[in-house]
Amino acid sequence: MTADLKPSVNAWLAAGVGLAALSAISLCIGVGDMPPTGLWSDPQALQLLLVSRLPRTLAALLAGAGLAIAGLVMQILARNRFVEPTTAGTGQSAAFGILIATLLFPSASLAWKTVLASVAALAGTSLFLAVAHRLPPTQPFLVALFGLVYGGVVGAAVTFVAWQADLLQFLEIWTTGEFSGVLRGRYEILWVTAAAVALAWWIADRLTIASLGRDASVGLGLNYRRVVQLGLVIVSIISALSVVVVGMIPFVGLVVPNLVSRSLGDNLSAALPRVAATGAALVLSCDIVGRLIRYPYEIPVGTVLGVVGAGLFLWILFGRAQRV
Amino acid sequence: MIEIEQVSLRYRDAKILQDVNLTLPKGGLTALIGPNGAGKSSLLSLIARLQPLQSGRIRVDGLPVDTTPSRQLARTLAILRQDAGVASRLRVRELVGFGRFPHNGGRIDDADRALIDKALRQFELEEFADRFLDTLSGGQRQRALVAMTFCQGTGYMLLDEPLNNLDMFFARQLMRHLRAAVEQQNRTVIVVLHDVNHAAVYADRIVAMKAGRIVADGAPADVLRPDVLADVFGYAIEVTEVAGKPFVLHHL
């Protein structure tokens, strides 16, 4: 809001160049042979680019940006820095929704499964928030802890139902984030994530005021309930899309908002683009690492992020302790 | 004018407020005093529509607080809560700037910027303007919150124990700023105070509450009397006079 123009222009440039470089690397890496120079002469190489590499790269960027924003919004709604959708029950609820969709309407399209997953995620997250707001604000770790337990319970219920229905293999696909199955025609629905991120940016000031708490929000004339509802919709849709298309990717929603907050603070109109760009860059780099580390085999991006994210999270915690 | 008619509030079986009637004309500084749990904060949050009205009526400047659009009310009345703990990492200037939100919906123009700068200057926050709130002391943060409340630029300001965390210098300075807002801008200020001696010097009127009722109401010299204070606070308190104002020896 009050950030000077020049540094922000530089930051935009740096973010743009960085993301473009990562995308270029991502487009060049894969088992299939695709020399960049032969793209125009070799129809097969072009085909490979358009059907596999480009969708995969776009999916990683979209999912990364979306998950980081979903984590940010969730932290505002819960007024707690240590929650994120993949651990606090949103992702698990979304998986529950897909499971139900698969059981009851096996022929449903990807879009319909996403809708059901979103509805389930919305219900699951609303319940989490309803409980989280009743916990004493003097004990911030209680909210995070409750989120972990709640996510674990919902996750266990999902596993139980999947086991009963002999669908455990499908469950594995939804709960392990990876991009190797992303092809043209199977990822386009992720663009809805971009719309959800845009919505978050549009209401950035209102979300920042909501982070001051209900009383301060009402005092400033904000419709607090409406903002919370919109935030819930943003979190649920992004989480559901991510689970449906690529599976659960941990830590992005947790570490990225915390990292950005350290330098830029919590004024969303300034921080939100940076959170989205950082999330996109983090997920895409982890996917690239996962593709290279055992080339020509792949390690799922969820596994790579499990390691990288945990390291980043520890760094945030200890860096925080040093500052105080 | 703030009109409070027959307002009662219950929380489960506890009666927080009982048949409160109070009319505060436009302009003037009113201090709310009383022991803990008297209902002062509840009354303030009902006037500021932070809680739903259970019974009775409250109007601010003729606007019924339960039916007027919240945004319109936010341009008429500002409230600073006592426990306004801000967990967000905002810069002081950003926080104060959100005081303009009811007027600009988030688009800050030059007029807003001038008002923000004025509020920062008024509360000597310029050197902290670009620091994050969580790097400030409790008193500096409290001043930032007060500055935001001033910056909202409303005709009515409600402040719940604004002197919390402030040292003597800034406590006195805040009371003088409130006085100036009343005298120079004809604003109406209601402030919950625990230090009755601040009320004695700066308030036009003192309303004393106890157990959810108003038990005394009048000019400082009429309320800050040993018999009234003993009734409100439950122990014998001596009152002398310093510089022509009542001086309550509540600590002896």
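The values are calculated or read from the model by the stated rules, or taken from the named source; none is laboratory data. No experiment lies behind these values; they were computed from the predicted model shown. Here the Cβ positions follow ideal geometry from the backbone for every residue, glycine too, while neighbour counts run over all protein chains shown. The accessibility values were calculated without ligands, DNA or RNA, using every heavy atom of the protein model including side chains. Shrake-Rupley method; radii C 1.70, N 1.55, O 1.52, S 1.80 Å.
Mind pulling the angle between the C-alpha long axis of helix B:138-151 and the longest principal axis of chain B? Nearest 10 degrees, somewhere in 0 to 90.
Orientation of helix B:138-151: about 80 degrees from the principal axis.
If I take every Cα pair under 8 Å that is 6 or more residues apart in region A:5-323, average their sequence separation and divide by the length, what percent do I get for the relative contact order?
30
Just to be sure I follow the definition: excluding the sites themselves, where is the longest run in chain B that has none of the trypsin sites (Lys or Arg not before Pro) in a DSSP loop with at most 13 other Cβ atoms within 10 Å?
On the way: sites that count: B:ARG12, B:LYS26, B:ARG107.
Longest stretch, sites excluded: B:108-252.
For chain B, set up a Gaussian network in which alpha carbons nearer than 10 Å are linked by springs, and say which option among B:ALA221, B:ALA48, B:ALA87 fluctuates the most.
Fluctuation is largest for B:ALA87.
Summing both sides, how much accessible area is buried between B and A? Use a 1.4 Å probe and give Å² to the nearest 100.
2200
As a test, work out the antiparallel percent of DSSP beta bridges whose residues both lie in region B:125-251, rounded to the nearest 5.
Within region B:125-251, antiparallel bridges account for around 65 percent of the total.
Looking at the protein assembly as shown only, what percent of DSSP beta bridges run antiparallel? Nearest 5 please.
Counting only bridges with both partners in the protein assembly as shown, antiparallel ones make up about 60 percent.
At what distance in nm do the modelled label points of B:ASN186 and A:LEU145 sit from each other, each positioned 7 Å from its Cα along Cα→Cβ?
Between B:ASN186 and A:LEU145, the label points sit 5.7 nm apart.
If exposed chymotrypsin sites (Phe, Trp or Tyr not before Pro) are those in a DSSP loop with at most 12 other Cβ within 10 Å, what is the longest stretch of chain A that has none? The partial results should precede the final answer.
Working: sites that count: A:TRP40, A:TYR297.
In chain A, the maximal stretch lacking such sites is A:41-296.
Of the heavy-atom accessible surface of chain A (probe 1.4 angstrom), what whole percent is carbon and sulfur? Mind dumping the intermediate values first?
Working: 10210 of 14640 Å².
In chain A, the share of accessible area belonging to carbon and sulfur is 70 percent.
Measure out, as a whole number of angstrom, how far apart the alpha-carbon centroids of region B:115-137 and region A:88-103 sit.
47
Identify which of B:GLY105, B:GLY37, B:GLY139 has the largest mean-square fluctuation in a Gaussian network model of chain B, with springs joining Cα atoms closer than 10 Å.
Result: B:GLY105 has the largest fluctuation of those listed.
Counting heavy atoms of the protein chains only and a 1.4 Å probe, report the per residue accessible area for region B:132-252 as a whole number of Å².
Per-residue value: 42 Å².
Nearest 10 degrees, 0 to 90: what angle lies between the long axis of helix B:168-185 and the longest principal axis of chain B (Cα atoms)?
Roughly 80 degrees, rounded to the nearest 10.
Considering only the other residues whose Cβ falls under 9 Å of the Cβ of B:ASP66, what net charge follows from Lys and Arg at +1 and Asp and Glu at -1? Intermediate values should be presented prior to the final figure.
Values: positive: B:ARG49, B:ARG57; negative: none.
Net local charge, B:ASP66 excluded: +2.
Once both labels are modelled 7 Å past Cα along the beta-carbon direction, what's the A:ALA108-B:GLN6 spacing in nm?
So the label points at A:ALA108 and B:GLN6 sit 5.3 nm apart.
To the nearest 500 deg cm²/dmol, what mean residue ellipticity at 222 nm is calculated for chain A from DSSP H runs of n ≥ 4 alone, each contributing -39,500 (n - 2.57), summed and divided by the residues?
Calculated mean residue ellipticity at 222 nm is -24000 deg cm²/dmol.
Quick one: net charge of A:GLY71's neighbours, Cβ under 12 Å, K/R +1, D/E -1?
Taking every Cβ under 12 Å from that of A:GLY71, the sum is 0.
Name the residues whose placed amide hydrogens come within less than 5 Å of the amide hydrogen of B:ASP217, ignoring near sequence neighbours (fewer than 5 apart) on the same chain.
B:ALA208
State which helices in chain A qualify, where a helix is a whole DSSP H run, it must extend 18 Å or more along its own axis by its Cα atoms, and its mean Kyte-Doolittle hydropathy must be at least -1.0.
Values: long enough: A:5-28 (35 Å, 1.34); A:54-78 (35 Å, 1.71); A:90-104 (21 Å, 1.47); A:110-132 (32 Å, 1.69); A:140-164 (37 Å, 1.70); A:224-245 (32 Å, 1.80); A:268-292 (36 Å, 1.29); A:301-323 (32 Å, 1.29).
Helices meeting the span and hydropathy rule in chain A are A:5-28, A:54-78, A:90-104, A:110-132, A:140-164, A:224-245, A:268-292, A:301-323.
Heavy-atom accessible surface, probe 1.4 Å, ligands and DNA/RNA ignored: which residues of region A:213-230 lose at least 50 Å² versus the isolated chain?
When all protein chains are present, A:ASP215, A:VAL218, A:GLY219, A:LEU220, A:GLY221 each give up 50 Å² or more of accessible surface.
Helix-only mean residue ellipticity at 222 nm, chain B, DSSP H runs n ≥ 4 weighted -39,500 (n - 2.57), per residue, nearest 500. What is it?
Dividing the helical sum by the residues of chain B leaves -9500 deg cm²/dmol.
In a shell of Cβ-Cβ distance under 12 Å around B:GLN18, excluding B:GLN18 itself, what net charge do Lys and Arg (+1) and Asp and Glu (-1) give?
Result for the local shell: +3.
Under 5 Å between amide hydrogens, which residues at least 5 positions from B:VAL239 or on another chain qualify, with H placed 1.01 Å from N in the peptide plane?
Long-range HN contacts for B:VAL239: B:LEU249.
Using DSSP to define loop residues, name the trypsin sites (Lys or Arg not before Pro) in region A:216-324 whose beta-carbon has at most 16 other beta-carbon atoms within 10 Å.
Values: sites: A:ARG225, A:ARG226, A:ARG262, A:ARG274, A:ARG291, A:ARG294, A:ARG320, A:ARG323; in loops: A:ARG294.
Here the sparse-neighbourhood loop sites are A:ARG294.
Short version: which residues of region B:45-89 lose at least 40 Å² of accessible area, all chains versus chain alone, 1.4 Å probe?
Listed in order, they are B:LEU50, B:SER88, B:ARG89.
What do you get for the angle between helix B:110-122 and the principal long axis of chain B? Use alpha-carbon atoms, 0 to 90 degrees, nearest ten.
Helix B:110-122 and the main axis of chain B meet at about 50 degrees.
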